[in-house]
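First comes the structure, then the notes that go with it.
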Amino acid sequence: MRQIALDMGLDSGPTLANFFPGPNEAVLRHLQLWIGKRSSPATRSPVPTYLWGASGSGKSHLLQAVQRTLIEQGAAVGWLDASLHTPPPFSEQWGAVLMDDVHLYTAAQQQAAFNWFVNAQTHQRWVLATGETAPGELRLREDLRTRLGWGHLFCLQVLSEPDRRAVLRQAADERGVFLSDEVMDFMLTRFSRDLGSLMELLDLMDGYALQTKRAITIPLIKAMMDEA
């Protein structure tokens with residue numbers, strides 16, 4: 001059955017608090033330690049961090065969560081992903097450099113990423129990057145691949161289906177919401193299976209159920225989708 005991507009204009013967004021680590025607890029602790037509490041970027045370790053793993057493992061969620069937290073702390077952040085065709089030059093005002101899905105970078109983006117990396121090292125700025133594979137397996141220019149691989153490295157694991165079900169059940173219980181097995185099956189077969197999207201779907205269902213004063217059932221989800 002074709003999965004439906006979830007994109008309903010929800011504005012909660014990725015945060016470290018709503019990342020459910022499962023087997024990825026070590027990377028979450030690492031990022032929480034680095035982020036701290038409104039500490040100056042100049043006092044943070046400049047050693048780069050690279051995250052890799054399969055789609056749905058939470059790499060982009062974590063990168064966006066770090067970006068959001070840094071901006072909330074008042075820091076300027078350099079951001080580069082494959083959709084940014086003309087990257088800006090490095091800025092000394094940046095407190096960190098974030099690079100998403102580096103395995104997709106064009107030659108021009110790789111040149112910009114390498115330049116940003118060199119300048120980040122010069123100015124003692126942190127680099128956090130994500131990719132699909134370990135650094136040694138990336139099909140990138142050698143000087144960029146080498147730099148991505150010399151700092152902290154974390155391989156993220158996709159949550160198993162029992163783990164996703166357990167997290168959804170716990171989150172529903174915390175909201176005072178009952179999810180039947182049939183509803184859980186429907187969520188996991190008809191929508192994007194990454195946990196962030198499933199949690200946003202749960203938030204949306206909870207709000208719609210409160211608004212319509214109905215229990216969460218498959219007909220309620222279908223009615224919600226019809227109105228989306």
* List every residue pair whose Cβ atoms lie under 7 Å apart, where the two residues are 6 or more positions apart in sequence or sit on different chains, the first residue falls within segment 125-146 and is not assigned by TED's automatic domain parsing to the domain that holds Ala113, and the second residue, located anywhere, is exposed (fewer than 14 other Cβ atoms within 10 Å of the Cβ) and of a type in the set (Asp, Glu). => none
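Residue under question is Ser45, and the condition is that it be farther than 20 Å from Leu156 by Cα, modelled with pLDDT of 95 or more, assigned by TED's automatic domain parsing to the domain that holds Ala134 and among the hydroxyl-bearing types (Ser, Thr, Tyr); does it hold? Spell out the reasoning first.
Details: farther than 20 Å from Leu156 by Cα: yes; modelled with pLDDT of 95 or more: no; assigned by TED's automatic domain parsing to the domain that holds Ala134: yes; among the hydroxyl-bearing types (Ser, Thr, Tyr): yes.
So Ser45 does not fit the description; no.
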* Does segment 89-127 hold any residues that are closer than 24 Å to Cys155 by Cα, not hydrophobic (A, V, I, L, M, F, W, C) and not in a helix (DSSP H, G or I), and which are they? -> Asp100, Asp101, Tyr105, Thr106, Arg125
* To do: Test Leu201 against the stated conditions and say whether it is of a type outside the set (Lys, Arg) and either under 23 Å from the mean Cα position of the chain (by Cα) or closer than 24 Å to Lys59 by Cβ (or both).
  => yes
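Suppose the filter is farther than 30 Å from Pro46 by Cβ and either surrounded by 18 or more Cβ atoms within 10 Å (Cβ to Cβ) or at pLDDT 90 or above (or both); does Arg175 pass it? Steps first, please.
On the way: farther than 30 Å from Pro46 by Cβ: yes; either surrounded by 18 or more Cβ atoms within 10 Å (Cβ to Cβ) or at pLDDT 90 or above (or both): no.
For Arg175, the condition - farther than 30 Å from Pro46 by Cβ and either surrounded by 18 or more Cβ atoms within 10 Å (Cβ to Cβ) or at pLDDT 90 or above (or both) - is not met.
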* Asked: So Leu98 fits all but one of (1) loosely packed, with under 13 Cβ neighbours inside 10 Å; (2) at pLDDT 95 or above; (3) of a type in the set (A, V, I, L, M); what number is the exception?
  -> (1)
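The values are calculated or read from the model by the stated rules, or taken from the named source; none is laboratory data. Treat the numbers as computed from the prediction; the structure is a model and nothing was measured. Cβ sites come from the backbone with ideal geometry, for glycine too, and all protein chains shown count toward neighbours.
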